[in-house]
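One structure is given below, encoded as structure tokens.
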Amino acid sequence: MSKLYSNLFCISAMILWAASFPAKDILLKIWDPLFLYAFGLVIASLLTLGIWFFFEGIKEIRKFPWIKALIIGGIGFGVGGSFFIFAQSLSSAVTVAIAAAFMPIFATVIEIIMDGRSLNVRFIIGVFISILGGLVMTLGSDGGGYNALGLLIALPAVILFAWASRQITKSLSGFSNLAQGSISILGAGLAISIPYFALNNGIDMGQILTSLDIYQVLCILIFAATGISISQVLWIKGVSQLGIAMASIHMNSAPFYVMLFVFLLGGSWIWVQFWALILVVIGVLLTQIENSKFIRI
């Protein structure tokens, strides 16, 4: 039952992350990618820190190892997230989704190196079935083609994101997932927003904020709350229980959820993405079947 809940956390994180893609695409048409990410991180940091303080209080916040967590969050989610959003700005969400499809490979290598994970044939087959499903799902979308340069930029982001997800849960295992998620977002926010706004001190935030219409305000709130804040905490929760290799397989389901939200907004239903989702589900099941009758490597 615990694995079921762990998978539900990962699925929920992917759904919320996907919900931010249409909003992010709209904002990328009017804002610089790094500004959008820095601005979104500032809002997300305030939101998650407020929730953390409300539920766990000032004592938990004071005893948290801030420096270590800020470094992990800054490198993994700050720098990595910047690569992600810049890659998306070069073409569309398709580029990011293709890169994210390969996260299970990088995540598995990380667990082999850092945790001594042993592999079996079933797990390997499950990973590659999920990647196949993710690629079919992504390339079968009507969200535009991918950009080769954007793909090269997004791949390091995938590695950093996988590393940070594993690191924040392993090295800070004595703290709650809410604390881990909150501080990783804050680390990302400081790593990106401070250098960006320092190098662009001519930005008139007052003018930017007053020029926003209600639709754009809604988009930035969706991006910050669902694409960064809440999805990050749920993702950390799932990773802490499943491990980054198994959790990362859920990344391949994100294009389906993006298509689903676009469909709800008036877009078209794409059946190939639905059938590709079935492949991802099969991959998830194969990697999580618990028995020892398969050949280990």
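The values are calculated or read from the model by the stated rules, or taken from the named source; none is laboratory data. Keep in mind that this is a model prediction, so the values were computed, not measured. Neighbour counts run over all protein chains shown; Cβ positions are idealised from the backbone, glycine included. What goes into the accessible areas is simple: the full protein's heavy atoms, side chains included, and nothing from ligands, DNA or RNA. Shrake-Rupley method; radii C 1.70, N 1.55, O 1.52, S 1.80 Å.
The fraction of accessible area contributed by carbon and sulfur in the chain is 72 percent, rounded to a whole number (1.4 Å probe; ligands and nucleic acids excluded). Membrane-span-like helices in the chain, defined here as complete DSSP H runs extending at least 30 Å along the helix axis by their C-alpha atoms with mean Kyte-Doolittle hydropathy no lower than 1.6, are absent; this is a sequence and geometry rule, not a statement about a membrane.
Residues whose amide H falls under 5 Å from that of Asn120, counting only those 5 or more places apart or on a different chain, are Ile297, with hydrogens built in the peptide plane.
Contact order normalised by length for the range 216-288, with contacts defined as Cα pairs under 8 Å and 6 or more residues apart; what percent is it? Can you show the working numbers first?
Working: 25 pairs, mean separation 21.0, N = 73.
So the answer I get is 29 percent.
Arrange the residues Met205, Met259 by how much accessible surface each exposes, largest first, with a 1.4 angstrom probe.
On the way: Met205 55, Met259 10 Å².
If we order Met205, Met259 from most to least accessible, we get Met205, Met259.
With both labels modelled 7 Å from their Cα along Cα-to-Cβ, the Ile51 to Leu119 distance reads 3.5 nm.
Using the Kirkwood radius built from alpha carbon pairs, what does the Stokes-Einstein equation give as D for the chain at 20 °C and 1.002 mPa s, in µm² per second? It comes out at roughly 111 µm²/s. Annotation: lysines with alpha-carbon distance below 27 angstrom to Lys68 (same-chain offsets under eight excluded): Lys59, Lys170, Lys237.
With a 10 Å radius around each residue's Cβ, average the other Cβ atoms per peptide and rank 264-271, 22-29, highest first. Display every interim value, and only then the final one.
Values: 264-271: 10.9, 22-29: 18.6.
For the peptides 264-271, 22-29, the packing ranking is 22-29, 264-271.
Using a cutoff of 8 angstrom between alpha carbon atoms and counting only pairs six or more residues apart, the relative contact order for the chain works out to 40 percent.
Rank these by accessible area, largest first, 1.4 Å probe: Thr169, Thr210. Walk me through the numbers before you get to the answer.
Details: Thr169 15, Thr210 110 Å².
Output order, biggest surface exposure first: Thr210, Thr169.
Estimated from helical segments only, the mean residue ellipticity of the chain at 222 nm is -24500 deg cm²/dmol, where each DSSP H run of four or more residues counts as -39500 (n - 2.57). Expressed as a fraction of 2.2 N^0.38 Å, the value expected for a compact globular protein of N residues, the C-alpha radius of gyration of the range 178-245 is 1.41.
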